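What follows is a short report on a single structure.
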Amino acid sequence: MDLATMKYAAVMLTAGVGIPVLAALNAQLGLRLGNPAAAAFMLFMVAFAGASVVLMLTGPAAISGIFTAPRHLFLAGLLVAFYILSITWIAPKFGIGNAVFFVLLGQLVSAAAIDHFALMGARPEPISLTRAAGIGLMALGVFVTQRA
């Protein structure tokens, strides 16, 4: 594995660690506020501020491309809103581990399909028997960690 790949893996591992932390923090904020949507709104306000700072530091001119980008690409915003709202509402009732387990399972299945069919510009990565077995083993591992 080369250095660039290791850096990418480290960043994504850190992002993965952040998902259950995000779920737990926002779930608690939703309980304290008495409204998961209010907690999600605050999360997005903080995220907007953070992304704005990074944008200003890394190339604010890129924002002009928003006007020419295909509109369907903005559906990602609705998907992240759905994720945040659902995890904030369901995690306190279902448990952080259970909620994240099903998120991970959904990610494994959809990521494999997106790669296999090279959807949305993804690099093609066909599902071989070995890859399918690995995905199945990962799913089983996630399941076992929730049953232990």
Return the residues of region 110-126 that are touching a helix residue (DSSP H, G or I) at 6+ places or on another chain (Cβ under 8 Å) and closer than 21 Å to Y83 by Cα; say none if nothing qualifies.
A112, A113, I114, L119, M120
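A51: in contact with a Leu (Cβ under 6 Å, 6 or more places away or on another chain), modelled with pLDDT of 95 or more and either loosely packed, with under 10 Cβ neighbours inside 10 Å or closer than 18 Å to L79 by Cβ (or both), yes or no? Explain how you work it out, then say what you get.
Numbers: in contact with a Leu (Cβ under 6 Å, 6 or more places away or on another chain): no; modelled with pLDDT of 95 or more: yes; either loosely packed, with under 10 Cβ neighbours inside 10 Å or closer than 18 Å to L79 by Cβ (or both): yes.
It is false that A51 is in contact with a Leu (Cβ under 6 Å, 6 or more places away or on another chain), modelled with pLDDT of 95 or more and either loosely packed, with under 10 Cβ neighbours inside 10 Å or closer than 18 Å to L79 by Cβ (or both).
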Give, as residue ranges, the helices (runs of 4 or more DSSP H) completely inside region 18-123 that count at least 3 residues that are within 23 Å of A139 (Cα to Cα) and of a type outside the set (V, I, T).
75-94, 96-116
Only one of these conditions is not met by G121: (1) small (G, A, S); (2) on the phi > 0 side of the Ramachandran plot; (3) modelled with pLDDT of 95 or more. Which number is it?
(3)
Which number in (1) modelled with pLDDT of 95 or more; (2) surrounded by 10 or more Cβ atoms within 10 Å (Cβ to Cβ); (3) under 30 Å from S128 (Cα atoms); (4) of a type in the set (A, V, I, L, M) marks the one condition that I19 misses?
(1)
L57 passes all but one of the listed conditions (1) out of contact with any Ser or Thr (no Cβ under 9 Å at 6 or more places or on another chain); (2) surrounded by 14 or more Cβ atoms within 10 Å (Cβ to Cβ); the exception is number (2)
Restricted to region 124-136 and to residues being hydrophobic (A, V, I, L, M, F, W, C) and assigned to a helix (DSSP H, G or I), the residue nearest to the chain's Cα centre (by Cα) is I135
Six or more apart or on different chains, Cβ atoms under 7 Å: show the pairs whose first residue is in region 69-88 and within 17 Å of A47 (Cβ to Cβ) and whose second is surrounded by fewer than 16 Cβ atoms within 10 Å (Cβ to Cβ).
L85/A37
Please tell me if F143 is surrounded by 15 or more Cβ atoms within 10 Å (Cβ to Cβ) and either out of contact with any strand residue (DSSP E or B) (no Cβ under 6 Å at 6 or more places or on another chain) or not in a helix (DSSP H, G or I) (or both).
no
Somewhere in region 74-97, is a residue of a type in the set (S, T, Y) and loosely packed, with under 13 Cβ neighbours inside 10 Å?
no
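The values are calculated or read from the model by the stated rules, or taken from the named source; none is laboratory data. Every value quoted in this text rests on a predicted model; they were computed, and no experiment measured them. Using ideal geometry, Cβ is built from the backbone for each residue, glycine included, and neighbour counts are taken over all protein chains shown.
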